[in-house]
Every structure is written in structure tokens, then in C-alpha cells.
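**Q** So that we are looking at the same thing, I have put the structure below in C-alpha cells.
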Amino acid sequence: MRRIDVAAGRSPADLVIKNGQILDVFNGEIIDGDIAIMDGSIAGIGEYSGETIIDAKGQYITPAFIDGHVHIESSMVVPYEFAQVLLLHGVTTVVTDPHEIANVSGVEGIQYMLDSSENLPFDIYTMLPSCVPATEFEHSGAILNIEDLKPFYLHPKVLGLAEVMNFPAVHNGEGSMIDKIFETQRAGKKIDGHAAGLSATDLNIYMAAGIRTDHESTTSEEAKERLRKGMYLMIREGTVAKDLRKLLPVVNERNSRRCLFVTDDKLLDDLLSEGSIDHNVKLAISEGLDPIIAYQMATINPAECFSIPDKGAIAPGYKADFLILHDLDTVAISHVYKDGKLVMENNRLVDYPEPSPAVKKEKLTNTVHFDKLTETDFNIYLMHPKANIIEIIPNSLVTRHIVEEVTVNEDGLFQPSIQKDQLKLAVIERHHMTRQIGLGIVKGLGLKSGAIATTVAHDSHNLILAGTNDSDLLFAAEKMKKMQGGLIVVENGRSLASLELPIAGLLSDQPYQQVNSNLSFINNALKDLGASGFFNPFLTLSFLALPVIPELKLTDIGLFHVPSFKHIDIEN
């Protein structure tokens, strides 16, 4: 009733913003008027009085940004820290999939992320992980069935089922996957897709199953086919997967309202230096997209995609989550408001709350377990010098399956070659002490010495390592066990730089500034090893274990050929 009284002009608003140029995302135009705010929501646009008056001085006012698909774990900081970083960039709402922590710690991981997202000036909506494990071709830390997920549908911030990446299970009508899809629909929730490499016919199957989004388009042809089938097209620009420039030509005035921006996976240092959805908007405008369309794709489109009725617009009845900008084209944000309260001014957070009482995470620590190793555990025996090799495509999640001649010593053992850029790759199961170690060869990482290792290895998050010699691989593995997860760069039996991630081997318990500092040391150490500066070696490494993205990957069971969905030998 109080908001109605304000809208009718019978009572003064809590806050009124005057003299702003307001972006009307519905008509796609700039309008004038006072914005009256009451109890954290917009009561009206017109002429209003209020207890507090803010003069926008002719600046632009737009809805705050929404990231339609992100894995918070990829930032390597907890939600409390993650929210601070995104507020600096005008993002007040995200739709997240805690798939990573769920693969390590199951329902406890999901609950931890939900609990850690409370009491923040930031909205974190959750899509429940659909594929834990992602496939049957690797060992993860947990298995989640519909009975594990169903209770979470009662949570007000749970919107549905996250990216369904096991297409064969949908295609074949496998019981567990169909149960998850049916229960999600019964609950009136949304279902996200993961249509990497799927044909037009395959998309028919996804749509028939009620799956309505995809963030895995990498070509304009794929993007147009998804729109043609009635899907929402998520245009991704993250740390590794940079698809925006390739997909943007598909967007036009007729189909743009079915398109939205996402980051999916973006490292903390890139979030701080480059930005989040604000970067996607800025990049799209610089590539020639109409600025108003770009802002729609970052605001009202994701809100409508996920049926969040009070987000994404400057309009009566909508939450007062908005930005004040000096300039639309350059996304020059001066102020960020969340629920009608100022939370960021001139690149500084305002009145950010103290952390809530510690959220229980005992079951999420001490998660790195494997038996003592020796250098012989990394031996790759080959009878012939031709091998199946994973070739990295810079700034892409997709890899190439190539066959090359490799160096083999007199004992029949593969020898890494710096000259050929053929390095040894290993994935060590770290959840259940199975002693499973998958071995392979990777090309394109560019290391000239040493080794790197991380427990961030999508999606099962086993320990993944790459290096130029077995001695440094062994040293990195043993150090990682002592750290209980994280990232490490080693050379000649010593650690050059590292970042501890004690929460599930995925998240730091330190402030984002400290994590960013450690990442800076790691990046410098990578340069010492000769790594390329054109892509992020660690995030690239972490996706080499993901057996649902073409073309060739490595799991703890062995080399995995995605098009045929089966393991293959290293030897060709």
C-alpha cells in the first residue's frame, strides 16, 4: 500500500532520482522523468517528491546488469567476495550453476553456496546441477539424483535445472536424466541447455525435452539455428571462451530480445581488470551493436529468460536495481544502486556489509586424496611414434584431435618435446583414492620448462597437471596434496607461485584482493616458464578434462574422444 500511495502522489517517496535520461528497455528509447523509489522498488516514473532527492545531472540511468549464466567457483572466491567484484562493474544479479562444487561435495556444496549467498546487497539465483557426474567416463566426488535435488526446488532463489550437458542421456531417454527434467517441469522451473556441437536435429530433441537455452554456440550458423528452434541464445565472453565477436552478427532488431550476455567462466583477475557483463556490453557496442539493444541483452532479456518478474527494467513495480552512467557507449558507470540503496560510487563500494557468521564448511575442506606417487606413474608407453594428441585452440573450450609423430626413447616411453610443443598431461583422481591416473599429450600450451597443476579441472575437478618433465609433475602433485587444492607453478623441483583453494579445492577463503595478488604472482611465474600471453594457461588447462566439449579431452580414466563419446588409446 505504501508503494501505491507513492505512485499515486499521496505520499513522498523514500528516494527520487531527477534529471536523468532513463533507458526504457521495453520501447528501446531514452525518456525523461523522475524515478520514485519506495521500500527498494520503483513506485513510479513521472513527477514526484521524496524524502531524499538525487540530481542525476543529465546522466543516463539504466537497469543494473544481470549475468544469465556463471559459475561463481571459476572466480575462485566465495560469494561474499564475488559479489563485491561484480558490484564494481554494475552487475547486481547473477544466475549461477554450482556445478563445480557439487561435483566435489554434492548436496553439501550446493547448500554451502546457497547459504553463503544470503544477506548480501546482491542477488544470486541458482540453477541446480543437472549432471553430477557430468558423464560416466570419469570419477567425481559425488553423484546427485533427482531425490537429492528435489528439496532444493523449495528454495526461493532456485530457478531450475542447470545446463543439461549429457545429451546422449536425453536422446536415449535415460531414466535418471528424464526424472530430473520431468521433476523440474513439474515444479514449474526452467531448464538450461548445453548444446556444444549438437546438430539441428539434436536441438529438436533438446527443445522437445523442454530445454530452452544454450551458451555453447561458437559460430554464427550455430547461433542462428538455436534462435530458429526457439531457444534463448546466450552469448558468452569469458576468460577462455570468447564467442561474442563471432556470434554478434546474428543479432538484429527482430531477434535481439531472444539474446542475452553471459560470462560462464571468468577468472578473478579478468573480472577485476576487464569486467563482467559490462565488458560484454562495451565490446558489443564497439563491434557496432546498437547500444540500446546491448543494454536490453544485459538487463531485461535475462530477466525474462528466467522469469524473474521484478528485474531488468526501470519501471513501476520493478526492483530499484539501476546504474547511473556518464556515457552509454563506453559503459562509464558512476553509481550502482541495489534495492534503492547506493552500493557503488566512483569505483568504490559503499556500506558493504560485514561477513555473516561463518557458514559451515567442514565437509568442504580436506578434499584432495590420492596415494603416494612416483615418477613412473607418469610413464606413457608407445609401441609406435604416432599418437593421438589434444591440440589447444587459444581462447576456446573446444580442442582439436590431431595425430602427430612424437619422441619415444629406447624403453618405449614418450618424451615431452619443447620444440614440437608436445607436453605430458595427467589427470589424477582425488576424491576416492581409486589410483586412477589418466595420461595424455597436449599441444599448444607452450611451456618451455617446469609444470603446472590445479584441482580446478572441469567438471569432476580431479587434479590435472601438464609439464615438460616427470620430476616436476611429481613435485607439483605432492605439493597440491599438501595445499589441499589450488593452483601451482613449479620448475626444477621448487614452487615458483601458488594459490591455495582449501574449500573443495575450488575456492579461497581469503579476500579477493589477496587472491588477485596471488594470481598476479602466478601469471608472472607462467611467463618464466615461457607460457603464451595470448590465453590463460590455467583456465585452458582446467577445461582439458571436460569430456562434454569437443573434440578430445582427458579424464582420470584416459583419453576421451567426444564425438564418439568413448575413450581411445594414446597410440594412434
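**Q** If you place +1 on the Cβ of every Lys and Arg and -1 on the Cβ of every Asp and Glu, how big does the dipole about the Cα centre of the stretch 1-157 come out, in debye to the nearest 20?
**A** For this selection, approximately 440 debye.
**Q** A further question follows. If I model a spin label at Glu478 and Glu47 as a point 7 Å from the Cα along the Cα→Cβ vector, what separation in nanometres do I get?
**A** That separation, rounded to one decimal, is 8.0 nm.
**Q** Taking a ≥ b ≥ c as the square roots of the eigenvalues of the Cα gyration tensor of the stretch 365-567, is the shape rounded (a/c under 1.5), prolate (a/b larger than b/c) or oblate?
**A** Rounded is the answer for the stretch 365-567, as its axis ratio a/c remains below 1.5.
**Q** Right, another one. Counting other Cβ atoms within 10 Å, keep those with at most 14, restrict to DSSP loop, and tell me which trypsin sites (Lys or Arg not before Pro) in the stretch 238-322 are left.
**A** Those that pass, being in a loop and sparsely packed, are Arg254.
**Q** Still on this structure: Mind giving me the FRET efficiency for Ala8 and Asn145? R0 is 35 Å, r the Cβ-Cβ distance, nearest 0.05 is fine.
**A** After rounding to 0.05, the efficiency reads 0.10.
**Q** Provide the gained length on full extension for the span Lys18 to Asp569, in nm with one decimal, where the gain is 0.36 nm per separating residue minus the Cα-Cα distance.
**A** Answer, rounded to one decimal: 191.6 nm.
**Q** Roughly speaking, what is the centre-to-centre gap between the stretch 89-119 and the stretch 176-235 when only Cα atoms are used, to the nearest Å?
**A** So the two Cα centres are separated by 22 Å.
**Q** While we're here: Treat the count of other C-beta atoms within 10 Å as a stand-in for reagent exposure and order Phe322, Phe26 from fewest to most.
**A** Going from least to most buried by this count: Phe26, Phe322.
**Q** Given a Förster distance of 41 Å, report the FRET efficiency between Phe182 and Glu345 from their Cβ-Cβ distance, rounded to the nearest 0.05.
**A** 0.30
**Q** Please figure out what share of the DSSP beta bridges in the chain is antiparallel and state it in percent, rounded to the nearest 5.
**A** Once the DSSP bridges in the chain are tallied, antiparallel ones form about 70 percent.
**Q** Another question, if that's okay. Listing Ile380, Ile389, Ile146 from the residue with the fewest other Cβ atoms within 10 Å to the one with the most, what is the order?
**A** Result, fewest neighbours first: Ile146, Ile380, Ile389.
**Q** While we're on this one: Where does each of Arg435, Arg226, Arg3 land when they are ranked from fewest to most other beta-carbon atoms within 10 angstrom?
**A** Starting with the residue having the fewest Cβ neighbours, the order is Arg435, Arg3, Arg226.
**Q** Past 25 Å, Cα to Cα, is the threshold; run Lys319/Lys363; Lys386/Lys448; Lys363/Lys553 against it and keep the listed order.
**A** Distance filter (> 25 Å) returns Lys319/Lys363; Lys363/Lys553.
**Q** Now, a different point. Can you work out ³J(HN,Hα) from phi for every residue in the stretch 117-133, in order, using Karplus 6.51 cos²θ - 1.76 cosθ + 1.60 and θ = phi - 60°, giving whole Hz and x for Gly and Pro?
**A** Running phi through 6.51 cos²θ - 1.76 cosθ + 1.60 with θ = phi - 60° gives 8, 7, 6, 10, x, 6, 9, 10, 8, 10, 9, 6, x, 8, 10, 10, x Hz.
**Q** Filter the GluC sites (Glu not before Pro) in the stretch 27-58 to those in DSSP coil with at most 13 other Cβ atoms within 10 Å of their Cβ, and list the result.
**A** Here the sparse-neighbourhood loop sites are Glu47.
**Q** With a cap of 12 neighbouring Cβ atoms within 10 Å, and only residues DSSP puts in a loop, list the GluC sites (Glu not before Pro) found in the stretch 380-435.
**A** Answer by residue number: Glu410.
**Q** For Met433 and Lys57, calculate 0.36 nm times their separation in residues minus their Cα-Cα distance, and state this gained length in nm to one decimal.
**A** This chain segment gains 129.1 nm when fully extended.
**Q** Let me ask something else about it. Report the local net charge at Ala200: Lys and Arg +1, Asp and Glu -1, summed over other residues whose C-beta lies under 13 Å from its C-beta.
**A** -1
**Q** Would you please give the FRET efficiency between His384 and Ser471, computed as 1/(1 + (r/R0)^6) with r the Cβ-Cβ distance and R0 = 25 Å, to the nearest 0.05?
**A** 0.45
Every number in this text was worked out from the coordinates using simple rules, so none of it is lab data. Just so we're clear, the structure is a prediction, and the values are computed from it rather than from any experiment. Backbone-built Cβ (ideal geometry, glycine too); neighbour counts: all protein chains shown.
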